[in-house]
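What follows is a single structure, written as C-alpha coordinates, with notes after it.
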Amino acid sequence: MLNKQLSAGSIVESQCTRCRQIMNHTIVAMVGEKIVRVECNTCHGTHAYHPVKVPKAPIAARDGQRKVAEPRKTKADPEAAARAEWAALKAGMDPAKAIPYDMNRKFCVNNLVSHPNFGLGIVQAVIPPNKMDVLFQDGKKRLRCG
Ligand SMILES: [Zn+2]
(Lines give C-alpha, C1' and ligand atoms only; values in the text may rest on other atoms or scores of the structure.)
Protein backbone atom coordinates (compact mmCIF):
# COMPACT_ATOMS: atom_id res chain seq x y z
CA MET A 1 0.00 0.00 0.00
CA LEU A 2 1.37 3.33 -0.97
CA ASN A 3 -1.06 5.36 1.08
CA LYS A 4 -0.94 5.54 4.76
CA GLN A 5 -3.87 3.84 6.29
CA LEU A 6 -6.58 6.43 6.26
CA SER A 7 -8.80 6.93 9.22
CA ALA A 8 -11.04 9.56 10.69
CA GLY A 9 -8.94 12.62 11.23
CA SER A 10 -6.70 11.98 8.23
CA ILE A 11 -6.38 14.66 5.65
CA VAL A 12 -7.54 13.83 2.16
CA GLU A 13 -8.18 15.80 -0.91
CA SER A 14 -11.80 16.00 -1.89
CA GLN A 15 -14.01 18.05 -4.04
CA CYS A 16 -15.65 20.51 -1.69
CA THR A 17 -19.29 21.10 -2.44
CA ARG A 18 -19.15 24.61 -1.08
CA CYS A 19 -15.76 25.77 -2.23
CA ARG A 20 -16.34 24.02 -5.51
CA GLN A 21 -12.74 23.13 -5.67
CA ILE A 22 -10.48 20.37 -4.60
CA MET A 23 -9.57 21.12 -1.02
CA ASN A 24 -7.94 19.39 1.85
CA HIS A 25 -10.51 17.75 3.99
CA THR A 26 -10.40 15.99 7.25
CA ILE A 27 -12.06 12.63 7.25
CA VAL A 28 -15.02 12.63 9.57
CA ALA A 29 -16.41 9.22 8.98
CA MET A 30 -15.33 6.09 7.25
CA VAL A 31 -16.97 2.81 6.51
CA GLY A 32 -14.37 0.18 6.26
CA GLU A 33 -11.72 1.65 4.00
CA LYS A 34 -14.20 3.93 2.34
CA ILE A 35 -14.29 7.58 3.20
CA VAL A 36 -17.89 8.61 3.77
CA ARG A 37 -17.91 12.11 5.21
CA VAL A 38 -15.29 14.78 5.25
CA GLU A 39 -14.91 18.23 6.68
CA CYS A 40 -13.47 20.91 4.49
CA ASN A 41 -10.39 22.42 6.06
CA THR A 42 -11.17 25.68 4.32
CA CYS A 43 -14.88 26.29 4.82
CA HIS A 44 -15.31 23.72 7.58
CA GLY A 45 -18.42 22.38 5.93
CA THR A 46 -19.10 18.71 6.35
CA HIS A 47 -20.28 16.81 3.37
CA ALA A 48 -20.09 13.49 1.65
CA TYR A 49 -16.69 12.60 0.36
CA HIS A 50 -16.31 13.30 -3.35
CA PRO A 51 -13.27 11.59 -4.70
CA VAL A 52 -11.06 13.79 -6.77
CA LYS A 53 -11.91 13.14 -10.33
CA VAL A 54 -8.98 12.02 -12.28
CA PRO A 55 -8.87 14.09 -15.42
CA LYS A 56 -9.67 11.93 -18.34
CA ALA A 57 -6.73 10.93 -20.37
CA PRO A 58 -6.80 12.71 -23.67
CA ILE A 59 -8.39 10.58 -26.30
CA ALA A 60 -5.64 8.47 -27.63
CA ALA A 61 -4.55 10.42 -30.60
CA ARG A 62 -6.97 9.27 -33.21
CA ASP A 63 -6.64 5.58 -32.75
CA GLY A 64 -2.93 5.84 -32.46
CA GLN A 65 -1.05 5.30 -35.59
CA ARG A 66 -2.63 4.72 -38.88
CA LYS A 67 -2.82 1.17 -39.77
CA VAL A 68 0.17 0.33 -41.78
CA ALA A 69 -0.91 -1.23 -44.99
CA GLU A 70 0.09 -4.78 -44.80
CA PRO A 71 2.16 -5.89 -47.69
CA ARG A 72 -0.05 -7.87 -49.92
CA LYS A 73 0.62 -11.49 -50.08
CA THR A 74 2.44 -11.96 -53.26
CA LYS A 75 0.16 -13.67 -55.63
CA ALA A 76 1.32 -16.73 -57.32
CA ASP A 77 3.48 -15.70 -60.20
CA PRO A 78 1.06 -15.53 -63.14
CA GLU A 79 3.67 -16.99 -65.40
CA ALA A 80 4.15 -19.89 -63.07
CA ALA A 81 0.41 -20.37 -63.04
CA ALA A 82 0.35 -20.31 -66.83
CA ARG A 83 3.15 -22.83 -66.97
CA ALA A 84 1.31 -25.08 -64.58
CA GLU A 85 -1.83 -24.74 -66.66
CA TRP A 86 0.09 -25.47 -69.79
CA ALA A 87 1.69 -28.50 -68.19
CA ALA A 88 -1.74 -29.74 -67.19
CA LEU A 89 -3.08 -29.24 -70.69
CA LYS A 90 -0.01 -30.66 -72.30
CA ALA A 91 -1.01 -34.14 -71.20
CA GLY A 92 -3.94 -34.00 -73.58
CA MET A 93 -2.04 -32.45 -76.42
CA ASP A 94 -1.42 -34.45 -79.51
CA PRO A 95 1.32 -32.62 -81.39
CA ALA A 96 0.30 -34.47 -84.51
CA LYS A 97 -2.99 -32.60 -84.42
CA ALA A 98 -1.44 -29.22 -83.84
CA ILE A 99 -2.36 -26.64 -86.42
CA PRO A 100 0.64 -24.77 -87.67
CA TYR A 101 0.28 -21.18 -86.67
CA ASP A 102 -0.74 -18.94 -89.50
CA MET A 103 -1.79 -15.40 -88.84
CA ASN A 104 -4.32 -15.56 -91.64
CA ARG A 105 -5.93 -18.73 -90.46
CA LYS A 106 -9.00 -18.97 -88.28
CA PHE A 107 -8.63 -20.68 -84.95
CA CYS A 108 -11.09 -21.83 -82.38
CA VAL A 109 -10.83 -22.11 -78.65
CA ASN A 110 -9.00 -25.29 -77.62
CA ASN A 111 -7.32 -25.62 -80.99
CA LEU A 112 -3.83 -26.94 -80.60
CA VAL A 113 -1.43 -24.59 -82.29
CA SER A 114 2.11 -25.18 -83.31
CA HIS A 115 4.07 -21.97 -83.35
CA PRO A 116 7.55 -21.73 -84.84
CA ASN A 117 8.85 -19.70 -81.91
CA PHE A 118 6.63 -20.56 -78.99
CA GLY A 119 6.07 -24.23 -79.67
CA LEU A 120 2.83 -25.95 -78.86
CA GLY A 121 -0.02 -23.92 -77.54
CA ILE A 122 -3.69 -24.08 -76.88
CA VAL A 123 -6.07 -21.40 -78.04
CA GLN A 124 -7.76 -20.08 -74.93
CA ALA A 125 -9.75 -17.25 -76.38
CA VAL A 126 -10.54 -15.83 -79.74
CA ILE A 127 -10.84 -12.08 -79.75
CA PRO A 128 -12.67 -10.74 -82.77
CA PRO A 129 -11.92 -9.63 -85.26
CA ASN A 130 -8.42 -11.05 -85.59
CA LYS A 131 -6.73 -11.83 -82.29
CA MET A 132 -6.48 -14.82 -80.04
CA ASP A 133 -4.91 -15.73 -76.77
CA VAL A 134 -2.82 -18.82 -76.89
CA LEU A 135 -1.29 -20.51 -73.91
CA PHE A 136 2.21 -21.64 -74.66
CA GLN A 137 4.76 -23.19 -72.41
CA ASP A 138 6.17 -19.75 -71.76
CA GLY A 139 2.84 -18.24 -70.96
CA LYS A 140 -0.08 -16.71 -72.68
CA LYS A 141 0.51 -14.85 -75.92
CA ARG A 142 -1.84 -12.68 -77.88
CA LEU A 143 -1.45 -13.57 -81.50
CA ARG A 144 -2.94 -12.43 -84.67
CA CYS A 145 -5.21 -14.79 -86.50
CA GLY A 146 -7.49 -14.72 -89.43
ZN1 LIG B 1 -14.86 23.84 1.44
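The values are calculated or read from the model by the stated rules, or taken from the named source; none is laboratory data. Model, not experiment: these values are computed from the prediction. Glycine also receives a Cβ, built like all others from the backbone with ideal geometry; neighbour counts cover every protein chain displayed.
A quick yes/no check of all residues on (1) more than 30 Å from Gly139 (Cβ to Cβ); (2) touching a Gly at 6+ places or on another chain (Cβ under 8 Å); (3) at pLDDT 80 or above:
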| residue | (1), (2), (3) |
| --- | --- |
| His44 | yes, no, yes |
| Ala88 | no, no, yes |
| Ala91 | no, no, yes |
| Ala96 | no, no, yes |
| Arg105 | no, yes, yes |
| Cys108 | no, no, yes |
| Phe118 | no, no, yes |
| Val123 | no, no, yes |
I need a count of the residues in the range 20-42 that are loosely packed, with under 13 Cβ neighbours inside 10 Å and not polar (S, T, N, Q). 5
Filter pass, Ile59 being more than 30 Å from Ile127 (Cβ to Cβ), at pLDDT below 95 and either in contact with a Ser or Thr (Cβ under 6 Å, 6 or more places away or on another chain) or within 16 Å of the ligand (Cβ to nearest atom) (or both): no
Within the range 92-146, which residues are of a type in the set (Lys, Arg) and assigned to a strand (DSSP E or B)? Lys131, Lys140, Lys141, Arg142, Arg144
